[in-house]
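Have a look at the structure below before the remarks.
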Amino acid sequence: MSEFELLCDYPLLAHNTFGFDVRAKHAIRLTEEAQIPALGHDTRIEGLSRLVLGGGSNVVLTKDFDGLALLVELRGRRVVGEDEDAVLVEAGAGENWHEFVAWTLSQGLPGLENLALIPGTVGAAPIQNIGAYGLEMGERFERLRAIELSTGETWEFDRDACAFGYRDSFFKREGRGRFVIVSVTFRLPKVWMPRADYADIARVLQTSGANDPQAIFDTVVAVRQAKLPDWRVLGNAGSFFKNPVVSATAFDALKAREPDVVSYKQPDGQFKLAAGWLIDRCGWKGRAIGAAAVHDRQALVLVNRGGASGAQILELAGAIKRDVHARFAVELEAEPVCL
């Protein structure tokens, strides 16, 4: 049985990208897989509710946590196999996502470059099914290993078992709080094809004349840095709302009232709307409630200007949702998990 140190009254300021100054009654730093099954045999933490945290880039902590925070710090990255079409690369759940993407390129293994500079850890990526600039993580996913907290049993999940959706997965719904993801394996194609159709990316690449994996990686980083605030400077969790999807009928009615609505037709005939456009059109860009504000360059991003609480961020999000619904009859849904 692996030993672990039980930390008391532990500050979570460094474990959430919004920068909320909240604390956990107890915390454990998980640096080895063997620590996780051992949790069930320690009477000191028996009956405590559990909160699994990686980089805390997709969570809103509204108050102190009266339970046990499990801080996932499992490291390691390696090539674990290959077949005719792809190379399989595994990373520990506590690896920094952006650094892992950069490492795959340094190994001559492209395929994740469109997902550069997304904050958080490798273990959080499948929970949210992260995506950006024409690629979702689920497209490059092979499998993950996770340990069930109640039994200490190790499970392996393939793509189907993860039930990936738009910024969604089994681990965000039925599996929430049941498992600690310990490692994720990705399938990186041997025959690389660029994903460079996204307007912002295509524009920069056209100017530079480059279209290789490193150029796409560098372009994605530059575009994200230009549009999005650095969470280390201005606390945020990236895009706060999902882009809502509406039926063709609802879209036609909306288009008649708002001819310039920004939309993307989906393969099933529905339409995905740009949540940032809806929010901006309601006049929220740059506005604030206390220290909780809408970013002045990207209406999808809510920020902590310093000293905001999670409750204030949720108050701001609620006001935005009400205004968007009143004007467009569209329901916005938060991307982060709100605790």
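Is there any pair linking a residue in the stretch 222-235 that is of a type in the set (Gly, Ala, Ser) to one that is surrounded by fewer than 17 Cβ atoms within 10 Å (Cβ to Cβ) and not in a strand (DSSP E or B), with Cβ under 9 Å and at least six apart or on different chains, and which? If the second residue must be surrounded by fewer than 17 Cβ atoms within 10 Å (Cβ to Cβ) and not in a strand (DSSP E or B), the pairs left are Ala226/Asp200; Ala226/Arg297; Gly235/Arg305; Gly235/Gly306.
How about the stretch 21-41: which of its residues are in contact with a helix residue (DSSP H, G or I) (Cβ under 9 Å, 6 or more places away or on another chain) and under 17 Å from Val52 (Cβ atoms)?
Of all residues in the stretch 21-41, those in contact with a helix residue (DSSP H, G or I) (Cβ under 9 Å, 6 or more places away or on another chain) come to 21-24, 26-30, 39.
Answer for the stretch 21-41, where residues must be in contact with a helix residue (DSSP H, G or I) (Cβ under 9 Å, 6 or more places away or on another chain) and under 17 Å from Val52 (Cβ atoms): Val22, Arg23, Ala24, His26, Ala27, Ile28, Arg29, Leu30, Leu39.
Which of the residues spanning the stretch 238-273 are hydrophobic (A, V, I, L, M, F, W, C), in contact with a helix residue (DSSP H, G or I) (Cβ under 9 Å, 6 or more places away or on another chain) and surrounded by fewer than 17 Cβ atoms within 10 Å (Cβ to Cβ)? Val262, the sole residue that qualifies.
Residues of the stretch 296-339 that are in contact with a Ser or Thr (Cβ under 8 Å, 6 or more places away or on another chain), in a loop (DSSP other than H, G, I, E, B) and small (Gly, Ala, Ser): Ser309 alone.
Scanning the stretch 197-220 for residues that are over 21 Å from the mean Cα position of the chain (by Cα) and within 27 Å of Glu82 (Cα to Cα) yields a total of 5. So which residues in the stretch 27-60 are surrounded by fewer than 19 Cβ atoms within 10 Å (Cβ to Cβ) and within 24 Å of Asn96 (Cα to Cα)? Answer for the stretch 27-60, where residues must be surrounded by fewer than 19 Cβ atoms within 10 Å (Cβ to Cβ) and within 24 Å of Asn96 (Cα to Cα): Arg29, Thr31, Glu32, Glu33, Ala34, Pro37, Arg50.
Residue-by-condition table, conditions (1) under 18 Å from Cys162 (Cβ atoms); (2) part of a strand (DSSP E or B); (3) in the same structural domain as Gln35 (by TED's automatic domain parsing); (4) over 21 Å from the mean Cα position of the chain (by Cα):
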residue	(1), (2), (3), (4)
Leu48	no, no, yes, yes
Leu51	no, yes, yes, no
Leu117	no, no, no, no
Ala124	yes, no, no, no
Ile127	yes, no, no, no
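Listed here are the residues, each with its yes/no results for (1) touching a strand residue (DSSP E or B) at 6+ places or on another chain (Cβ under 8 Å); (2) more than 25 Å from Asp168 (Cβ to Cβ).
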position	(1), (2)
Arg29	yes, yes
Ile36	yes, no
Asp83	no, yes
Ala86	yes, no
Val101	no, no
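Considered as a group, the residues in the stretch 204-232 that are hydrophobic (A, V, I, L, M, F, W, C) and part of a loop (DSSP other than H, G, I, E, B) include one that is surrounded by the fewest Cβ atoms within 10 Å (Cβ to Cβ), and that residue is Ala210.
Please go through the stretch 277-297 and give me each residue that is in contact (Cβ under 8 Å) with a residue 12 or more places away in the chain and in contact with a strand residue (DSSP E or B) (Cβ under 8 Å, 6 or more places away or on another chain), ordered by number. Of everything in the stretch 277-297, those that are in contact (Cβ under 8 Å) with a residue 12 or more places away in the chain and in contact with a strand residue (DSSP E or B) (Cβ under 8 Å, 6 or more places away or on another chain) turn out to be Ile279, Trp284, Lys285, Ala288, Ala291, Ala292, Ala293, Val294, His295.
The values are calculated or read from the model by the stated rules, or taken from the named source; none is laboratory data. In this text, all values refer to a predicted model and were calculated from it rather than measured experimentally. Using ideal geometry, Cβ is built from the backbone for each residue, glycine included, and neighbour counts are taken over all protein chains shown.
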